[in-house]
1. Could you work out the pair-distance distribution P(r) of segment 2-50 from its alpha-carbon pairs, with 10 angstrom bin width and percents rounded to whole numbers?
2. Work out, step by step, the length gained on full extension between L39 and Q19: first 0.36 nm times the residue separation, then minus their alpha carbon distance; give nm to one decimal.
3. Under 8 Å for C-alpha pairs, at least 6 residues apart: give me the relative contact order for segment 2-50, rounded to a whole percent.
Amino acid sequence: GVLPRMLEEILKTRIMVKQSMKAYKNDKALLRLLDARQLGLKLIANVTFGYTAANFSGRMPSVE
């Protein structure tokens with residue numbers, strides 16, 4: 001399906017960004033940028049996993 005392919009691409013991209021972080025340890029500005037990118041990708045993946053799990057369990061997030 002579309003969702004598994006999307007998540008696979010997000011996770012592969014996050015791995016590439018984390019590998020790039022190892023190569024640029026001396027450039028603090030670039031390291032901060034790459035870290036923000038990998039954390040953003042992590043957040044997207046986690047939210048997607050959580051949302052799909054909520055659908056399967058029948059529970060939806062609170063709308064408060």
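1. Final binned percentages: 28, 47, 20, 5.
2. Length gained between L39 and Q19: 5.8 nm.
3. Relative CO of segment 2-50 lands at 43 percent.
Read-outs: derived from the displayed coordinates by stated rules, not from any lab. Nothing here was measured: the structure is a model prediction, and the numbers come from that model.
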